[in-house]
Structures are given as C-alpha cells and as structure tokens.
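Participant: Pasting a structure here, questions to come.
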Amino acid sequence: MREGVVLALSGGVGGAKLALGLARVLPADQLVIVANTGDDFEHLGLSISPDIDTLTYVLAGLDNPATGWGRRDETWSFMETLASLGGETWFRLGDRDLALHVERTCRLAAGETLCSITADVCRRLGVAQRVLPMSDDRVRTRVRSDSGWIDFQDYFVRQQCRPVVRELAFTGVEKARPQTEVIAALQNKVRAVVICPSNPFISIEPILAVPGLRQAIAGCGAPVVAVSPIVGGRAIKGPTAKMMQELGLEVSAATIAERYGDLLSGYVVDIADIASASALALPVKAVPTLMTDLATRESLAKAVLAFTDTL
Ligand code: FO1
C-alpha cells in the first residue's frame with residue numbers, strides 16, 4: 001500500500017457520502033477533503049458555502065439525513081419570521097445553520113480566509129479531517145439556460161433545476177489561486193486522489209478548473225480514481241443525468257470517465273454499469289456503489305482504496 005494521505009475531491013450531497021465512508025476507514029490525519037466552492041453565493045447579505053457546510057455537517061454527524069444538506073434537529077423560526085416580513089425564503093436556512101452563515105460572513109468581512117474559518121468550524125464541531133476549500137478566492141458557477149445566465153443556487157434551488165442547461169461557467173476561476181494547503185498536500189506523500197461520486201459538471205470541474213490544481217493532481221505521483229455518480233444509467237440524486245442530456249452527452253458511466261479524460265488512473269462503477277465502462281481504455285472496478293447507509297458508505301470507501309492500491 002502506497003504511503004501518504006488520501007485526497008478526496010467532493011461537492012454536493014453524493015460526494016459527502018463517500019467522504020464520510022473514507023473518514024470512517026482512514027485515520028483522520030490521512031484524509032484531506034477538497035471542497036467545491038463554485039456553489040457559494042451571497043444571499044440575504046450572508047456568505048454561504050453549501051458544499052463546505054454539507055461536508056462539515058456530514059463529518060460531524062450533524063447533517064440532516066433526509067435532505068443531505070443543512071443540519072438535523074433544526075428549528076425554523078428565522079425562516080418563518082422572514083416570510084412574515086416578505087423576505088426571500090426559497091433558500092431554506094434553519095436557525096442553527098444560520099449561525100454558521102452569520103459567523104462566516106463576519107469573519108470573512110474581518111479578512112479571515114475561507115480556509116481558516118472552515119478549519120476553525122471543523123475543530124469546534126469535532127471534525128478531525130481537513131476540509132479545504134479548492135480556493136480562498138471567489139469562484140461562482142453560473143448556468144446558461146435559454147433565458148440567459150443564472151447563478152447556480154437560483155438554478156439549483158429556486159428554479160429546482162428546471163431550466164435547460166446549455167453551458168456552465170465558473171466565473172472568477174481564471175484568477176483563483178488553488179488553496180495553498182491543497183497544493184502542499186499534493187506535493188507531500190499522497191496515497192491516492194479520489195474523485196467522489198459528485199456531479200462532475202457542477203461539483204468536480206470547478207475544482208479542476210482552478211489554475212494549477214489539475215496539474216498538481218496529475219503530477220502528484222499517486223493514482224487518481226473517480227467513482228461514477230451514474231448508477232444503472234441514472235443519476236442517484238440531483239440534475240446530473242438531466243444536465244448530460246441537455247449538454248448533448250450520453251447518460252452513462254463511461255461519459256463521466258471520458259469527461260475527466262487523462263487525469264484518471266482508474267474508474268469505479270456500479271456493477272450495473274460494467275458493460276458501459278468496459279469499452280474504456282483504463283482500469284475499471286465494478287462494485288455496488290449505491291450508498292444507502294453507513295455500511296455501504298464504508299464498504300465503497302474500502303473498495304475504492306483497495307482498487308487505488310492496485311494501480
Ligand atoms: N438545497 C435545496 O434544494 N433547497 C434548499 O433550500 C437548500 C438550502 C441549503 C442551505 C444551506 C446549505 O448549506 C445547502 C442548502 N441546499 C439547499 C443545498 C445546496 O443547494 C447545495 O448547493 C446542493 O447541495 C448542491 O451542492
């Protein structure tokens with residue numbers, strides 16, 4: 001087994017599931033999770049980082065199991081009162097979750113970096129793994145639909161992924177610097193880079209688009225393995241399959257691997273998709289990839305790590 005840390009790239013609810021599986025099978029100091037920040041946005045005057053928070057809550061065991069985002073055991077007095085005042089309530093902010101957004105907003109305004117704030121929140125919530133934003137600079141995913149460009153959360157939440165996606169853009173990414181701790185981890189001993197089963201277009205490609213990051217991953221000397229978010233030709237959650245159709249791509253596990261191109265050393269697909277992936281010119285491992293509970297999160301993590309160790 002190769003020495004070093006496992007670096008996981010994650011965004012959204014699906015990615016956080018495998019991140020939790022990896023966290024349960026690896027010592028905390030051997031797992032570094034790089035979070036997508038393209039979903040971040042300013043809303044109600046607050047700086048909101050959904051993919052960082054989803055990862056943090058899941059690793060802290062505070063996540064809402066029904067939605068995958070936000071906190072469990074929430075109360076909604078803020079939202080109810082905001083509604084009575086005519087405020088915008090399409091993006092649901094629970095009372096406890098709200099405190100994190102307020103605190104992050106204050107600390108960002110005081111000049112603290114997103115990475116530093118995230119590390120402190122993780123420490124306070126008892127998360128021992130490192131959750132690192134892909135960059136401390138502002139990157140914002142936008143979607144071009146038939147009625148023009150819209151911000152990601154407007155597309156994803158307010159319009160519930162209804163608009164047809166013609167194009168995606170990660171505004172600001174050209175000027176974004178990769179988070180220094182991510183680069184440092186990649187220049188240190190790396191056992192494997194795991195691309196979690198997130199939506200590639202909105203959760204992983206923003207990370208790979210940060211200048212220098214894709215090259216640092218490709219050059220880290222460790223295998224890079226992606227886990228397919230498509231199972232049996234379908235996306236488990238979210239707009240991945242719909243986006244693929246709208247972008248004119250075949251909805252298959254193979255298409256995702258082709259999207260990542262020569263970055264991949266190997267690819268993990270669900271048993272249902274082995275035929276689709278068999279035509280790929282790279283090592284493929286077929287295992288059950290549906291993560292319905294803690295045991296399947298752990299077993300997938302173990303299978304992925306065992307596979308990376310063979311590459
Ligand atoms: N997703 C929704 O579909 N509806 C919501 O009201 C919502 C609120 C929300 C609040 C905090 C947070 O961290 C995430 C939240 N999400 C919500 C998820 C968010 O849209 C993420 O961007 C998705 O999980 C995709 O990454």
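The values are calculated or read from the model by the stated rules, or taken from the named source; none is laboratory data. All figures in this text were calculated on a predicted structure; none of them were measured in a lab. Don't worry about glycine lacking a Cβ; one is built from the backbone with ideal geometry, like all the others, and counts go over all protein chains shown. With ligands, DNA and RNA removed, areas are computed over all heavy atoms of the protein, side chains included. Shrake-Rupley method; radii C 1.70, N 1.55, O 1.52, S 1.80 Å.
Participant: If one takes the longest principal axis of the Cα atoms in the chain, at what angle in degrees, from 0 to 90 and to the nearest 10, does the Cα axis of helix 12-25 lie?
Facilitator: Roughly 60 degrees, rounded to the nearest 10.
Participant: Still on this model: List the residues whose amide H sits under 5 Å from the amide H of LEU31, counting only those 5 or more places along or on another chain, with H placed 1.01 Å from N in the peptide plane.
Facilitator: Long-range HN contacts for LEU31: VAL6, ARG130.
Participant: Between LYS285 and residues 5 or more places away or on another chain, which pairs have amide H atoms under 5 Å apart, with H built 1.01 Å from N, and which residues are they?
Facilitator: When sequence neighbours closer than 5 places are left aside, the close amide H contacts are TYR267, VAL268, VAL269.
Participant: How many nm is it between the label spots at THR292 and ASP262, if each spot is 7 Å from the Cα in line with the beta carbon?
Facilitator: Once both label points are built, they end up 4.1 nm from each other.
Participant: Then there is this: Let me make sure I get this right: for the range 100-148, a, b and c are the square roots of the gyration tensor eigenvalues over alpha carbons, sorted descending. Under 1.5 in a/c it's rounded, otherwise prolate if a/b > b/c, else oblate. Which is it?
Facilitator: Details: a/c = 2.56, a/b = 1.94, b/c = 1.32.
Here the range 100-148 falls in the prolate category.
Participant: So for the range 101-172, averaging the separation of alpha carbon pairs under 8 Å that are six or more residues apart and normalising by length, what relative contact order in percent results? The partial results should precede the final answer.
Facilitator: Details: 72 pairs, mean separation 17.9, N = 72.
25 percent.
Participant: For the range 244-283, which GluC sites (Glu not before Pro) are in a loop by DSSP, counting at most 13 other Cβ atoms within 10 Å?
Facilitator: Working: sites: GLU246, GLU250, GLU258; in loops: GLU250.
When the GluC sites (Glu not before Pro) of the range 244-283 are filtered for loop state and at most 13 Cβ neighbours within 10 Å, GLU250 remain.
Participant: Still on this structure, I have one more. Quick one: pull the percent of accessible area on the chain belonging to carbon and sulfur, 1.4 Å probe, ligands and nucleic acids left out. Display every interim value, and only then the final one.
Facilitator: On the way: 6820 of 12980 Å².
That fraction is 53 percent.
Participant: Give the accessible surface of the range 5-308 per residue, rounded to a whole number of Å², with probe radius 1.4 Å and ligands, DNA and RNA excluded.
Facilitator: On the way: 12390 Å² over 304 residues.
Averaged over the residues of the range 5-308, the accessible area is 41 Å².
Participant: How far is the Cα center of the range 184-205 from the Cα center of the range 272-298, in Å?
Facilitator: Between the Cα centre of the range 184-205 and that of the range 272-298, the gap is 17 Å.
Participant: Turning to a different aspect of this structure: Ignoring everything but the protein chains, give the 1.4 Å probe accessible area of ILE274 in square angstrom, nearest 10.
Facilitator: The value for ILE274 is about 80 Å².
Participant: Report the extension gain between LEU311 and GLN215 in nm, rounded to one decimal, defined as 0.36 nm multiplied by the number of residues separating them, less their alpha carbon distance.
Facilitator: Stretched fully, the LEU311-GLN215 segment lengthens by 32.6 nm.
Participant: Quick one: check the C-alpha center-to-center distance for the range 1-59 versus the range 94-150, whole angstrom.
Facilitator: Computed from Cα coordinates, the inter-centre distance equals 12 Å.
Participant: Okay, moving on. Antiparallel DSSP bridges in the range 5-308: what percent, to the nearest 5?
Facilitator: If we restrict to bridges inside the range 5-308, about 40 percent are antiparallel.
Participant: Give LYS17/LYS175; LYS242/LYS302; LYS237/LYS285; LYS175/LYS285; LYS175/LYS242 a once-over and call out the pairs whose C-alpha atoms are over 28 Å from each other.
Facilitator: Working: LYS17/LYS175 30 Å; LYS242/LYS302 30 Å; LYS237/LYS285 22 Å; LYS175/LYS285 37 Å; LYS175/LYS242 30 Å.
Flagged as over cut-off: LYS17/LYS175; LYS242/LYS302; LYS175/LYS285; LYS175/LYS242.
Participant: Just to make sure I understand: if all protein chains stay in place, what is the order of CYS196, CYS106 by accessible area at 1.4 Å, largest first?
Facilitator: Details: CYS196 0, CYS106 75 Å².
Highest to lowest solvent-accessible surface, that is CYS106, CYS196.
Participant: On to the next question. Please say if the range 159-311 is rounded, prolate or oblate, where rounded means a/c under 1.5 for a ≥ b ≥ c the square roots of the C-alpha gyration tensor eigenvalues, and otherwise the choice is prolate for a/b larger than b/c and oblate otherwise?
Facilitator: Values: a/c = 1.66, a/b = 1.04, b/c = 1.59.
Oblate is the answer for the range 159-311, as a/c is 1.5 or above yet b/c matches or exceeds a/b.
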